[in-house]
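Reading through the structure tokens given below for one structure.
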Amino acid sequence: MDADGIGLSGARETLLITLQAKAAESALPDSLLGDRFAADAMRRLGQAAPHLDVSHDMTIGIAMRAYLVDQWTQSFITRHPDATVLHLGCGLDSRVFRIDPAPEVRWFDIDFPDVIGLRRRLYPDRANTTLIGSSVTEAGWLATIPDDRPAIVVAEGLLPYLAADDVYGLLRRLVDHLPAGEIVFDGYSHLGLHLLRFNPAIRATGAALSWGIDDPRMLERQVPGLSLLEEVTAYDPGQIDRMSAAARIAVHVFSMVPTLHRMGRLLRYRF
């Protein structure tokens, strides 16, 4: 499968960044993710995105983010064995295969129709997993989601690419439709968003970054019913040690300056 056969650009093409990172990290002898599905998908895609410069440090960073989101998702499923999982902007992430939930869990992967079409070509069908081809900002798809169980909404690598009004509208619809649960995602301050625009891999896609969040409590005011549970700005030092010396120094320096330390974080809310 070559680049012409994929036909992705802009925000859609960023899914190849995360897939490439997860596949590369899973090939390391000390892999955190051990994501054989991502590795297999990347092999099948071949040199589909040779222009995307995904560095070793970025690879480790993406793996750490994915691992924590996986842990949050697994923890929710453990507490709610019949949970509904909404994986928004799923791209080619193999989270459902990494977590491998029991048949009682209902899992929904939602992304643009062309992305869902690519998922169908790369990943096997799975019982109790439904693929929905739609922009997450369109209202119609949510009506197909049952509202009778606790739900966790996962939006990793998605919200920064949406306009602010679309983010708030999407979150309000989710909170209004679902009975109770959690929403987890990565959020960047406006400074962090500005610096991300200089990332070579993201620049190569031409994707536009739009939504930033400086104060996580702000979202509680924008979306009634949301309540902040957790804000993670630091990762396992053992994983940071896998990065280059320059990256380790940068992490240390950033940790001492609050404005820099909170440029990027993982956020977990309940509703």
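The values are calculated or read from the model by the stated rules, or taken from the named source; none is laboratory data. Just so it is clear, the model here is predicted, and its values are computed rather than measured. No Cβ is skipped: glycine too gets one built from the backbone with ideal geometry, and neighbour counts run over all protein chains shown. In case anyone asks, the SASA skips ligands and DNA or RNA and just uses the protein heavy atoms, side chains included. Shrake-Rupley method; radii C 1.70, N 1.55, O 1.52, S 1.80 Å.
Share of carbon and sulfur in the accessible area of region 6-155 stands at 51%, probe radius 1.4 Å. Over region 200-268, what percent of the accessible surface lies on carbon and sulfur atoms, probe 1.4 Å? With neighbouring chains kept in place, the figure for region 200-268 is 58 percent. Think of a 1.4 Å ball rolled over the protein heavy atoms: the chain then has 44 Å² of accessible area per residue. The order of the peptides 256-263, 112-119 by mean Cβ neighbours within 10 Å, most packed first, is 112-119, 256-263. Coupling constants for region 79-84 follow from the phi torsions by the Karplus curve (6.51 cos²θ - 1.76 cosθ + 1.60, θ = phi - 60°), and in residue order they are 6, 9, x, 10, 5, 9 Hz; glycine and proline get x.
3J(HN,Hα) along region 14-19: 5, 4, 6, 5, 5, 5 Hz, from the Karplus curve 6.51 cos²θ - 1.76 cosθ + 1.60 with θ = phi - 60°, whole Hz, x for Gly and Pro. Taking the square roots of five times each eigenvalue of the Cα gyration tensor of region 91-249, the equivalent ellipsoid has semi-axes of 27, 21, 18 Å, listed largest first.
Overall, region 110-253 carries a charge dipole of about 480 debye about its Cα centre when +1 sits on the Cβ of Lys and Arg and -1 on the Cβ of Asp and Glu, all other atoms neutral. Relative to the Cα centre, the charge distribution of the chain, modelled as +1 at Lys and Arg Cβ and -1 at Asp and Glu Cβ, gives a dipole magnitude of about 160 debye. Rounded to two decimals, the Cα radius of gyration of region 206-271 over 2.2 N^0.38 Å is 1.36.
If you bin all the Cα-Cα distances of the chain at 5 Å, starting from zero, the percentages per bin are 1, 6, 13, 18, 20, 18, 14, 8, 3, 0.
Between residue 164 and residue 214, the modelled labels are 1.0 nm apart [label points 7 Å from Cα along Cα→Cβ]. Residues in region 131-136 carry Karplus couplings, in order, of 9, 10, x, 6, 5, 5 Hz; the curve used is 6.51 cos²θ - 1.76 cosθ + 1.60 with θ = phi - 60°, and Gly or Pro positions show x.
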